[in-house]
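Below is one structure, written out as structure tokens; comments come after it.
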Amino acid sequence: MGMLCSFIRFENLHELKRLCHWGPIIALSVITICSVVAIIDSIFWYWPLDSAGGSVNFIMLINWTVMILYNYFNAMFIGPGYVPLGWKPEKPEDMMFLQYCKVCEAYKAPRSHHCRKCNRCVMKMDHHCPWINNCCGHRNHTSFTLFLLLAPLGCIHAAYIFIMTMYTQLYHRISFGWSSVKIDMSLARRDLSPVIPFGLSAFAASLFALGMALGTTIAVGMLFFIQLRVILRNKTSIESWIEEKAKDRIQYYQTGETFIFPYNLGSKWKNFRQVFTWTGIPEGDGLTWPVREGCCWYSLTVEQLKQKKDKQVRSVQYRVIENYGGACCPVTKGIKTFFTTPCSEEPRIELQKGELILATRGLKHWMYGDKILEGGGTTEAGTKNRGWFPRRCVEKCVYDNGTDQTEGKKGR
Ligand SMILES: [Zn+2]
Ligand SMILES: [Zn+2]
């Protein structure tokens, strides 16, 4: 019923298109296969209508499926919450503490980040999850985490059913002979007439579903503990990365600052209560956040601005010496480039001989950076000019003393 309500409540039915993506298709297939096979196996192994145990087993099984799907669809369709287009802080003097998103034409509220897949600035963005084909952020953090908790629990129950069904079936086949197809060895119906014979295909299906259930338990279970850590520390994966870069920046320039992460409220319980409330709706509007003592509202965004400036100073300019078409694993750029392609969904950028690139990070055979457009500026997120490219297609620009680059460094 709850699920139905959350379906009908959508102001935006176009959100249904989120289902047409490999992530939700695979996730929903796994949920369907495991649930259907578990229900069929339960009928064989523990007939639900003859005993209290059988009924409880069956009701619990249905319950897992409903709760898993409910939280899954909530995480997908309620979404993370987006910063309103054109948003700016109430006090105009606060604008200087915030980054500006050209795509959303809005200031980036504290803790929000622009997601290229969603093409919006996402409130308290943690990451873009391909399995729900949406971002995990402020509004869906609760349902997303509950899904990550319930899916492994449901899978463990299902795996137990698969194992017990296969065990009892095999045991009795061996005891009574393989030819005796017409036996039903469910615990409660041992002495009654058979319902359906458990054939080889049913056995194979149970084995297949068992593999899926165990795989899901391990993979999703790990994701649950990652999210639990995020919630208890009130620090998203992106913010952990910003904090790490802050330490690195402070150490590099020996500025003597100390960076205190502002949103960790000091107690795990307080942090937990920010996400899990009795109403089911997380605390706050997603734009303003309570901060711990000694920090101000903009402690983190100011740090982000410093890092952005530092990145421009510390990045290195490269000139393209070889055209590159933007392929993930380019065949013509050498075997090492081919095999060491970065394992990320970040885009590749096309290169034309003579173009200039501002590289911000690099691997041995690949680099990541922005194209420098005519007029001198680099591009904002959302355009096709930022991404990975093979290192062998570019060479470092050499400057005389006194260029922008060296001046920038001297200036610090
Ligand atoms: Zn944006
Ligand atoms: Zn996203």
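Every number in this text was worked out from the coordinates using simple rules, so none of it is lab data. These figures come from a predicted structure and were not determined experimentally. Glycine gets a Cβ as well: all are built from the backbone with ideal geometry, and neighbour counts include every protein chain shown.
Each peptide in 127-136, 54-63, 244-253, 111-120 was scored by the mean count of other Cβ atoms within 10 Å over its residues; highest first, the order is 127-136, 111-120, 54-63, 244-253. In this calculation the C-beta distance from F208 to R361 is compared with R0 = 51 Å, giving a FRET efficiency of 0.75. Work through the residues other than M123 whose Cβ is under 12 Å from its Cβ and net out their charges, Lys, Arg +1 and Asp, Glu -1. For residues surrounding M123, the net value is +3.
Excluding same-chain neighbours fewer than eight residues apart, the lysines reachable from K353 by a Cα-Cα span under 19 Å are K333, K371, K384, K396. What is the local net charge at H141, summed over the other residues whose Cβ is closer than 10 Å to its Cβ (Lys, Arg +1; Asp, Glu -1)? Neighbourhood net charge equals +1.
Other residues with beta-carbon under 14 Å from the beta-carbon of V320 carry, at +1 per Lys or Arg and -1 per Asp or Glu, a net charge of +3. Taking each residue as 0.36 nm, the span from I59 to K117 lengthens on full extension beyond its C-alpha to C-alpha distance by 17.0 nm. Cross-link pairs exceeding 31 Å between alpha carbons, from the set K17/K245; K91/K235; K91/K308: K17/K245. Between I25 and C296, the contour length at 0.36 nm per residue exceeds the alpha carbon distance by 93.2 nm. Relative protection proxy for 45-51, 87-93, 237-243, 71-77, from highest mean packing down: 71-77, 45-51, 237-243, 87-93 (other beta-carbon atoms within 10 angstrom).
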